1. Residue 9 fails exactly one of the following numbered conditions: (1) touching a helix residue (DSSP H, G or I) at 6+ places or on another chain (Cβ under 9 Å); (2) modelled with pLDDT of 95 or more; (3) under 22 Å from residue 112 (Cα atoms). What is the number of that condition?
2. Determine whether the range 66-75 contains at least one residue that is surrounded by fewer than 16 Cβ atoms within 10 Å (Cβ to Cβ), touching a helix residue (DSSP H, G or I) at 6+ places or on another chain (Cβ under 9 Å) and not in a loop (DSSP other than H, G, I, E, B).
3. For the range 127-135, does any single residue satisfy the condition of being over 23 Å from residue 13 (Cα atoms), outside any helix (DSSP H, G or I) and modelled with pLDDT of 95 or more?
4. Being in contact with a helix residue (DSSP H, G or I) (Cβ under 7 Å, 6 or more places away or on another chain) and not in a helix (DSSP H, G or I) is the filter; apply it to the range 42-65 and report the residue that is nearest to residue 117 (Cα to Cα).
5. Being surrounded by fewer than 19 Cβ atoms within 10 Å (Cβ to Cβ) and in contact (Cβ under 8 Å) with a residue 40 or more places away in the chain narrows it down to one residue among 34, 11; which is it?
6. Go through the residues of the range 84-93 one by one and say whether even a single one is outside any helix (DSSP H, G or I), closer than 20 Å to residue 134 by Cβ and touching a helix residue (DSSP H, G or I) at 6+ places or on another chain (Cβ under 9 Å).
7. Residue 19 passes all but one of (1) part of a helix (DSSP H, G or I); (2) touching a residue at least 40 places away in the same chain (Cβ under 8 Å); (3) surrounded by 15 or more Cβ atoms within 10 Å (Cβ to Cβ); which number fails?
């Protein structure tokens, strides 16, 4: 796939995912082995203490992992597993997730993603994740 085909495919997938739409996730950029997604933080993303719910943070991290790793296998990939470390509360206006492939083969890729919170113009690391993205069965 060319870079333009990767981007078109990724945007099509994102537009068809009701869950991603509900969260308000936007694809900022994608290339073979890299991704960046954003999610504006709204009241519907917050938990009882006023910061972004861990499930919303983890969902964005998962998407960054998959969007970075999927193109390494030609698309048609899913998350096999991932681990996330929450480092600080998601308090701010926007979450940004940046994914990067660490290593890849024909059937799977190991990917890391950092989730940052944008607050008053500054980015702060909110969480970091690492996972395995695998080629989906035909």
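The values are calculated or read from the model by the stated rules, or taken from the named source; none is laboratory data. Note that the structure is a prediction, hence the values are computed from the model and not measured. Using ideal geometry, Cβ is built from the backbone for each residue, glycine included, and neighbour counts are taken over all protein chains shown.
1. Of (1) touching a helix residue (DSSP H, G or I) at 6+ places or on another chain (Cβ under 9 Å); (2) modelled with pLDDT of 95 or more; (3) under 22 Å from residue 112 (Cα atoms), only one is false for residue 9: (2).
2. no
3. Pass one, the range 127-135, residues over 23 Å from residue 13 (Cα atoms): 127-128.
If we keep only those that are outside any helix (DSSP H, G or I) too, we end up with 127-128.
If we keep only those that are modelled with pLDDT of 95 or more as well, we get 127-128.
Yes: one or more hits.
4. That would be 52.
5. Details: 11 fails: in contact (Cβ under 8 Å) with a residue 40 or more places away in the chain.
Result of the check over 34, 11: 34.
6. Initial filter on the range 84-93 (outside any helix (DSSP H, G or I)): 84-93.
Pick out the ones that are also closer than 20 Å to residue 134 by Cβ and you get 84.
Going one step further and asking which of them are touching a helix residue (DSSP H, G or I) at 6+ places or on another chain (Cβ under 9 Å), we end up with 84.
Yes.
7. (3)
To keep it simple, each residue is scored yes or no on (1) touching a residue at least 40 places away in the same chain (Cβ under 8 Å); (2) touching a strand residue (DSSP E or B) at 6+ places or on another chain (Cβ under 7 Å); (3) surrounded by fewer than 19 Cβ atoms within 10 Å (Cβ to Cβ).
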site	(1), (2), (3)
77	yes, yes, no
88	no, yes, yes
97	yes, yes, no
100	yes, yes, yes
115	yes, yes, no
120	no, no, yes
131	yes, yes, no
